[in-house]
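Heads up, the thing below is written out as structure tokens.
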Amino acid sequence: MKRQLTLHKNHWHEMLEHVLRQAPLEACGLLAGKNDRVEKILLVRNQAQSPVRFVMDPYEQLKAFDWIDSNRLDLLGIFHSHPAGPETASATDIAEAAYEVIHLIWSRNQDRWQARGFWIEKGHVTDVALQIIE
Ligand SMILES: [Zn+2]
């Protein structure tokens with residue numbers, strides 16, 4: 001289980017821009033890096049094109065996994081957005097968590113977007129601290 005993840009401010013903005021572009025549909029993507037440190041954000045199309053769920057486009061997901069492997073990085077996390085809430089993992093997120101990685105969820109409170117990190121394992125959700133560095 002991981003309890004913290006470090007991201008560069010640019011990674012944060014890259015995800016946020018993608019989330020804003022896709023809203024009111026859910027947006028998704030992958031976080032790759034080493035240990036607890038993110039080095040690359042990979043945007044993936046939400047095949048479901050839905051405001052309440054996401055399904056990663058299988059071809060884009062495969063391409064992203066290949067990129068991560070060939071750059072000798074690890075898959076550290078999956079991010080997606082909840083344009084209509086909640087700010088935590090939904091029942092679907094918990095049921096469909098297929099990888100042992102950090103789940104970073106973007107949600108909107110009025111016009112303010114925020115992201116929270118979670119570790120989801122065997123139906124249990126634990127908070128992951130997100131550290132943003134300059
Ligand atoms: Zn979700």
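The values are calculated or read from the model by the stated rules, or taken from the named source; none is laboratory data. This one's a predicted model, so the numbers in the text were calculated from it and none came from an experiment. All Cβ positions, glycine included, derive from the backbone under ideal geometry; neighbour counts span all protein chains shown. We work out accessible area using only protein heavy atoms, side chains counted, and drop any ligands, DNA or RNA first. Shrake-Rupley method; radii C 1.70, N 1.55, O 1.52, S 1.80 Å.
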Amide H within-cut-off set for GLU39, under 5 Å, with H built and near neighbours excluded:
ALA32, GLY33, LYS34
Efficiency by 1/(1 + (r/R0)^6): what FRET value for TRP113 and MET1, r their Cβ-Cβ distance, R0 = 25 Å, to the nearest 0.05?
0.45
Region 43-96: relative contact order in percent, alpha carbon pairs under 8 Å with at least 6 residues between
29
Residue by residue, what Karplus-based ³J(HN,Hα) values in Hz, rounded to whole numbers, does region 120-134 have, using 6.51, -1.76 and 1.60 with θ = phi - 60° and x for Gly and Pro?
10, 9, 6, x, 9, 10, 10, 5, 10, 6, 9, 10, 9, 10, 7
If a/c stays under 1.5 just call it rounded; otherwise compare a/b with b/c (prolate if a/b is bigger, oblate if not). Do that for region 64-120, with a ≥ b ≥ c from the square roots of the Cα gyration tensor eigenvalues.
prolate
Across SER50, SER81, SER107, the residue with the highest GNM fluctuation in the chain (Cα network, 10 Å cutoff) is SER50
For region 1-96, which trypsin sites (Lys or Arg not before Pro) pass both filters: DSSP loop (anything but H, G, I, E, B) and at most 13 other C-beta atoms within 10 Å?
ARG3, ARG72
How are the alpha carbon pair distances in region 25-94 distributed across 10 Å bins from zero to the largest one, expressed in percent?
21, 46, 29, 3
Please report the relative contact order for the chain, taking Cα pairs under 8 Å with a sequence separation of at least 6, and give it as a percent rounded to a whole number.
27
Please list, or write none, the aspartates and glutamates whose alpha carbon is within less than 16 Å of the alpha carbon of LYS40, excluding same-chain residues fewer than 8 places away.
GLU14, GLU17, GLU60, ASP66, ASP69, ASP74, GLU134
Which residue fluctuates most in the GNM of the chain (Cα springs below 10 Å): GLN22, GLN49, GLN110?
GLN110
Loop chymotrypsin sites (Phe, Trp or Tyr not before Pro), region 44-121 (other Cβ atoms within 10 Å of the site Cβ: 14 or fewer; DSSP)
TYR99
For the chain, what % of the accessible area comes from carbon and sulfur atoms, probe 1.4 Å?
47
I'd like the Karplus ³J(HN,Hα) series for region 27-39: coefficients 6.51, -1.76, 1.60, θ = phi - 60°, whole numbers in Hz, and an x wherever there's a Gly or Pro.
10, 8, x, 10, 10, 10, x, 10, 6, 9, 10, 6, 10
Compare ASP36, ASP66, ASP93 in a GNM of the chain, Cα atoms joined below 10 Å, and give the one with the largest fluctuation.
ASP66
Apply the Karplus curve 6.51 cos²θ - 1.76 cosθ + 1.60, θ = phi - 60°, to the phi angles in region 60-76 and return the couplings in whole Hz, x for Gly and Pro.
5, 5, 4, 4, 5, 4, 4, 4, 4, 5, 6, 9, 6, 10, 10, 6, 9
Compute for region 1-45: radius of gyration divided by Kirkwood radius, i.e. Rg/Rh, restricted to C-alpha atoms, rounded to two decimals.
1.01
Per residue, what volume in Å³ does the Cα convex hull of the chain take up?
97
On average, how much accessible surface per residue is there in the chain, in Å², for a 1.4 Å probe, leaving out ligands, DNA and RNA?
55
